[in-house]
Amino acid sequence: MQLPSILISAVLLACGFAASVAEPIELSVSHSLGSAKPTPRGSLIYDPASPKRSANKYIPGAAAAGAVDSGDDDGLYRVYVEGNGVRLTAAVPLCMLTASGYQEQMTLHLDSKGVPWHLDYLVSATSCDIPKKKQLPRTPKTQVFTETALAGARPKLEQIVVTTPDGKPPAEQTFLQKYWFYIIPVMVMFLMNSGAEEPAKK
Amino acid sequence: MFASSLRAAALAVLLAVVLCGSVSAAIHADQAGTYDWHKALVGIPKFAFFTRPVRKAQIYVGTQKNVIALLNPKTGDYTWRQVLEPADDLKMLSLQDQVLVSVSGNGSLHTRQWDAQTGLLIWDHEHVNPPASTSAAVGRVGDDVLLVAGDSISRLKGDDGTPVWTVTADSGATYGRIILHNGAIYVIGAKQISNLHEVSVLQLDAKDGRIVAEYQPPNGNVKSLDDVVFAEHGGKAYLYWNGAERAYRHALGQSAETEEVDDVFGIKESRIQNVYGSDESASDLVLRNGKRYTFMRSSDSAKYTFEDEAEPTESVFSSFKSEGAHYISYVRPSPSKKEIKIDLLDATEMKLVDTFSVPFDEQISGAIQKAFLDVAPSKDGKVPSFRIFAVTADGSIKLLKAGEVLWTREESLTEALAAEYVDLPERSLLSQDHDELDEQPQESASISPIERFLRRARTHVVKAAAYPQQLTKSIKSLITPPESTRVRNDLYADFFGVRKLVVFASKTGKVVALDTESGQSVWERYFDGIQFRQIETVRSALVKYPPVIVLVGQNRQAQTVLLRINALTGEDFNEDGSSPREVFPAIRKVIKLPVEEAAGRTQLISLIGDNLKVHISPSSAAASDAFERFAPQYHVYLTEGVGSSQIDGYTTEKGTNNKYELKPSWKLEFPEGEKLAALGSPSPAGSAVASLGRVLGDRSVLYKYLNPNMLALATVKTTGSFPTDSDFTSAVYTYLIDTVTGTVHYRSEHNGGGNIAPTVPSVFVVQKDNWAVLSYWNHGPEAALPQVEPPAPEEEVVTKKTVRKRKKKVSTEDNSATIPDAKGIEIVALEFFESSTPDQRVESDTFSSFQAKRPHVIAQSYSFPKRISAIGTTTTGAGITTKEVLLGLEDGHLYGISKRLLDPRRPVGAPTKDEKEEMLFPYRPTLDFNPKEVASYNLHVPKISHILSAATKMESTSLTIAWGLDVFCGRRNPSKTFDVLSESFNYLALLATIAACVLGIGFSKRLAERKKIKDLWR
């Protein structure tokens, strides 16, 4: 009877270990313009367990540029990230992507289990106009980031900690133990003054 | 050059005054009530008793807002009121033999006995296993209290509420009425059978609660238990009800007997009409035959048929019984709908006393829905005087007497879901008089300079004639103290801009405009069957044009209704040719656009339908043209509101039929388990921001991230239902998202945070300019979600450059800490900057939401000792004055916290020289409750659910209205009144000094001249 439960525990432990030493995850990236069907663009690799930024990267596919070049400038350029049961999408106006010189940024937002739940797709341009003087970068550049929830700010409350050498709370003192240094001088003064005789009546 | 430097110096002085101002800004005792007003309300009555226990009449009410109150019939003011918790739903209020008992709860069930004269609680009994029932009933056996709720019947001791016995009926019926007759207890309920309810009777033994009999009388199908009337004749107790086709009666205790009312009383096709009594004893019986009504005491006694006919929905009957006197009133509207007719019947003599008229405009308050009669006994045979306490369809309550309405309480304000300030027009502005500001270039060119000069000269002459009178008035106002009665009939803006109208729209269909100076109603209207949810000002006040508001509501057919109203008069607005009433199919969101249509100069309203179609109001060609130009930059986000798990973003595009519709652009599905708990509202583009950055102690500047599309929101993720559950965990997540792209700029987790209880919302968000404030309840570490260890941040190679960079970066040390082991409210302040490094900005003339530049967010958190029910912020004209976060507190106060205390840059530990220079307060983890910051001072303003502020012409002053149950309006001066002279300022001394100086100068000048001449002659 015990064998199956040991086996289950072992499997669970193995799964947990596998999760803790998780390999980088690869997701496919596709893109589209306007209402056109998405076409493959490349793949995105991220490592939820790695703190290194270099662990996240975009690898372009073979037929990446076609859909973008043939598009209408007013349309939305949409990026899809798919894989592991997740499909995320985000878009920018095509003209802004062009104006940025294809300098793009993809940010995967990960939940507490490291599963992506939202995609941000932004470019480095602020408008569709390409300044005449500005030289656009020649090679497209894709940055990939991962974001998880930050630990929110909390009040730094100072907890009162009573410490004694033996770790026990100090014993409660009696009234006299606490205030003897007030009481004694008062009593001394009272005793010293009480001996004086009443002046004789004239 | 000089002027500009002078202006800069003046601004610097002003800023210094603002910043150096004390953080507290309390009012003096003699100022209380001078610049503020308070409407103490009770809510729309669910239960009411108009009684005359001795000689004085009293009105007891139990309301939809869970308030129990005793009203003084003379003034309409309450003698006392008890405000129950928002989730403590009042299910029953009973007044028998001057003992007031309430039953309330939601999940729990409390029976409370109150002292009817003082309102003090005598005892409170909480039921251990409360039945899930929306109805309850209370009866009395001797001093003991009988309680029925659902299928449970209990007898509670009258002196302390401890249970004597409890029985549970297994008949499947829900019981909601108790009748005591000849020593037996009858409990009346309804058993649901498909769509109908069957009357069910339970007879109990009063001593031990033993069920003696349980039966369903024949033909007992009713719509609800409210349709069952209890009456007594000839020593027998009867139940009357309207069946599908016939009315029936049943003698209690005789299970197999049901008679047709037609046969008993000899009136064909008779129906039972409800009669409102002064207490819960047996009801009077009024039978309706078509539109004719007959009162009868029993089948064999005399009856009286009222002469006037009226629709059953418009006729209200009430009865009064006291000390042998017995009267019946029959209230119905007159054909003109401008008054009501009241027949007063002496039921002992079966004689009509008289028919009275009372002025009553149904357009303002709707029809009377409930009426309660009180008759003062007359001596020496005169006509008795009567009063009727009436509840009208709009939710207001009135006391009527022959020929007049004694008082009205506008209780519909307790159900107001929206309010909007309306600026009053200036008496005259030269440029507006001549429409110069709105002239088209070609129009300006067509007017010759001479003609323009003559126009202006004419206006000046007219104004000069009125000037002496104005001057006298101004001097008078300087010398005499401010008027205590602030009632003015003219609707013009005052010098300081504190006089406005505030329009409330309630879900009862009532719209009320109040004067912000006096709190008095300027106009009111009632729209039958419309539940209002939103108000938008589409045209501000101009000299020649009235301000226009649009009321958004839902009618009985679930359609969205838009009503255009002249905000000064409350009349329909159709001057621009558009329809004042527009009806649309079900609409998800109504948005005011920053675009005007040329014809009426009103802003456009866009309505997003369920099918994502975009409708535009007004539906004119000019409006369509204006929208066509605006459409490319129109981005919308839609959400189902609190409790939903996603937000969707859209752009607009023209559909196949040349009409605009929404096209999905982004979707934000919160991670598993998270539900939307609170939404902020982005500051609109162009809102007043005094400074683009924060000047630091070392004179460097941190630039504010002023994104008009930034939305702050909070979600809650919980497991378990109640905080007392063993598996209960909770966490609050703060989001900053861009509503154009759906980009998540910031997400933080406050583990252990959440709502106090599922029925008590405690998560609130307010945002303004470049900051947001969030509040939530901390359940402590034991309610924290299990954490996954986050990866350590990437290690940087420490070079000289990075060290320098670190030094320069603004202190944004990790404010996150372990979950405080202290249950209570926590307030988080967030501020967003363009960069973490001072003097660094986004290098662009334009801002774009699509740009890969994220804000730098700083956050700090504080614990606050009071529970919060609403959150808001002050607003000023130029945004120079320090903001104040306004909180509605659960204990009935409107409270202000200066934004300087909610500054996430407050240094932890001893402040550095630069931080001292910046005048930052050192960080303290708690925000103490400062009684001086209670805006509502000693007034009790319970259940604040909304806070709305407006700017005045004084930069220091923000007008604030808080409402929920009561309405409180006051002024807030977070940086003190730096631009207003104090009330005690001695104007006469100033004038006298100036006059003395002028005289002195003249005199010394003369002396000097004389001396000069003398010197020349020497």
- Please work out if residue B:216 is closer than 25 Å to residue B:155 by Cβ and of a type outside the set (Val, Ile, Thr). yes
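Yes/no per residue for (1) modelled with pLDDT of 90 or more; (2) of a type in the set (A, V, I, L, M, F, W, C); (3) more than 25 Å from residue B:163 (Cα to Cα); (4) out of contact with any His (no Cβ under 8 Å at 6 or more places or on another chain):
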site: B:74; (1), (2), (3), (4): yes, no, yes, yes
site: B:80; (1), (2), (3), (4): yes, yes, yes, yes
site: B:92; (1), (2), (3), (4): yes, yes, no, yes
site: B:112; (1), (2), (3), (4): yes, no, no, no
site: B:124; (1), (2), (3), (4): yes, no, no, no
- Query: Pick from region B:731-768 the residues that are in contact with a Ser or Thr (Cβ under 6 Å, 6 or more places away or on another chain) and within 13 Å of chain A (Cβ to nearest Cβ): which of them is farthest from residue B:944 (Cα to Cα)?
  - Reply: B:741
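Being open to solvent by 60 Å² or more (accessible area, probe 1.4 Å) and either charged (D, E, K, R) or at negative phi (or both): is that true of residue B:341 here? Lay out the reasoning, then the answer.
Numbers: open to solvent by 60 Å² or more (accessible area, probe 1.4 Å): no; either charged (D, E, K, R) or at negative phi (or both): yes.
It is false that residue B:341 is open to solvent by 60 Å² or more (accessible area, probe 1.4 Å) and either charged (D, E, K, R) or at negative phi (or both).
Quick one: how many residues across region B:849-870 are within 7 Å of chain A (Cβ to nearest Cβ) and open to solvent by 10 Å² or more (accessible area, probe 1.4 Å)?
Taking region B:849-870 first, the residues within 7 Å of chain A (Cβ to nearest Cβ) are B:850-852, B:859-863.
Now narrow it down to the ones that are open to solvent by 10 Å² or more (accessible area, probe 1.4 Å): B:850-852, B:859, B:863.
Residues flagged as within 7 Å of chain A (Cβ to nearest Cβ) and open to solvent by 10 Å² or more (accessible area, probe 1.4 Å) within region B:849-870 amount to 5.
Yes/no matrix, rows are residues, columns are (1) over 16 Å from residue B:618 (Cβ atoms); (2) not assigned by TED's automatic domain parsing to the domain that holds residue B:639:
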| residue | (1), (2) |
| --- | --- |
| B:532 | yes, yes |
| B:549 | no, yes |
| B:572 | no, yes |
| B:580 | no, yes |
| B:598 | no, no |
- Message: So for region B:713-723 (the condition being in contact with a Gly (Cβ under 8 Å, 6 or more places away or on another chain) and open to solvent by less than 20 Å² (accessible area, probe 1.4 Å)), does at least one residue qualify?
- Response: yes
- Could you pull out the residue among B:293, B:276, B:330 that is open to solvent by 40 Å² or more (accessible area, probe 1.4 Å), in contact with a Phe, Trp or Tyr (Cβ under 6 Å, 6 or more places away or on another chain), assigned by TED's automatic domain parsing to the domain that holds residue B:383 and within 27 Å of residue B:356 (Cβ to Cβ)? B:276
- Could you say which residue among B:702, B:706, B:711 is touching a residue at least 40 places away in the same chain (Cβ under 8 Å), away from chain A (no Cβ under 14 Å) and assigned to a loop (DSSP other than H, G, I, E, B)? B:706
- Could you list, in sequence order, the residues of region B:564-578 that are among the charged types (D, E, K, R) and in a strand (DSSP E or B)? B:564, B:572
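Name the residues in region B:755-774 that are more than 20 Å from the chain's Cα centre (by Cα) and touching a residue at least 60 places away in the same chain (Cβ under 8 Å), would you?
Of everything in region B:755-774, those that are more than 20 Å from the chain's Cα centre (by Cα) and touching a residue at least 60 places away in the same chain (Cβ under 8 Å) turn out to be B:755, B:756, B:757, B:768, B:769, B:770, B:771, B:772, B:773, B:774.
Can you tell me which of B:183, B:189 is modelled with pLDDT under 85 and farther than 20 Å from residue B:62 by Cβ?
Exactly one of B:183, B:189 is modelled with pLDDT under 85 and farther than 20 Å from residue B:62 by Cβ, namely B:183.
Report yes if some residue within region B:913-933 is among the hydroxyl-bearing types (Ser, Thr, Tyr), touching a residue at least 60 places away in the same chain (Cβ under 8 Å) and surrounded by 20 or more Cβ atoms within 10 Å (Cβ to Cβ); otherwise report no.
Scanning region B:913-933, I find no residue that is among the hydroxyl-bearing types (Ser, Thr, Tyr), touching a residue at least 60 places away in the same chain (Cβ under 8 Å) and surrounded by 20 or more Cβ atoms within 10 Å (Cβ to Cβ), so the answer is no.
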- Message: Checking the structure you have, find out if any residue of region B:888-902 is in contact (Cβ under 8 Å) with a residue 12 or more places away in the chain, within 13 Å of chain A (Cβ to nearest Cβ) and touching a Gly at 6+ places or on another chain (Cβ under 6 Å).
- Response: no
- Message: One residue is enough: does region B:838-845 have a residue meeting the conditions farther than 30 Å from residue A:158 by Cα, surrounded by 20 or more Cβ atoms within 10 Å (Cβ to Cβ) and more than 13 Å from chain A (Cβ to nearest Cβ)?
- Response: no
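Please specify each residue of region B:31-56 satisfying the condition of being assigned to a loop (DSSP other than H, G, I, E, B) and in contact with a Ser or Thr (Cβ under 7 Å, 6 or more places away or on another chain).
Within region B:31-56, B:41, B:42, B:43, B:44, B:52 qualify.
Go through region A:94-112 and count every residue that is under 13 Å from the mean Cα position of the chain (by Cα) and touching a residue at least 60 places away in the same chain (Cβ under 8 Å).
In the first step, residues of region A:94-112 are kept if they are under 13 Å from the mean Cα position of the chain (by Cα); the result is A:107-112.
After this cut, where a residue has to be touching a residue at least 60 places away in the same chain (Cβ under 8 Å) as well, the list is A:108, A:110.
Of the residues in region A:94-112, 2 are under 13 Å from the mean Cα position of the chain (by Cα) and touching a residue at least 60 places away in the same chain (Cβ under 8 Å).
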- region B:331-351, residues that are in contact with a Leu (Cβ under 9 Å, 6 or more places away or on another chain), in contact (Cβ under 8 Å) with a residue 40 or more places away in the chain and within 19 Å of residue B:277 (Cβ to Cβ): B:331, B:342, B:344, B:345
- Task: Take the residues in region B:243-289 that are polar (S, T, N, Q) and not in a loop (DSSP other than H, G, I, E, B), then tell me which one is nearest to residue B:371 (Cα to Cα).
- Result: B:273
- Looking at (1) within 14 Å of chain A (Cβ to nearest Cβ); (2) more than 32 Å from the chain's Cα centre (by Cα); (3) surrounded by fewer than 19 Cβ atoms within 10 Å (Cβ to Cβ), which is the only condition residue B:694 fails? (1)
- Provide a single number: the residues in region B:67-119 that are within 30 Å of residue B:376 (Cα to Cα) and either over 27 Å from the mean Cα position of the chain (by Cα) or open to solvent by less than 40 Å² (accessible area, probe 1.4 Å) (or both). 28
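The values are calculated or read from the model by the stated rules, or taken from the named source; none is laboratory data. As the structure is a computational prediction, the values presented were derived from the model and not from experiment. Here Cβ is always computed from backbone atoms with ideal geometry, including for glycine, and neighbour counts include all displayed protein chains. The area values use the complete protein model at the heavy-atom level, side chains included, leaving out ligands, DNA and RNA. Shrake-Rupley method; radii C 1.70, N 1.55, O 1.52, S 1.80 Å.
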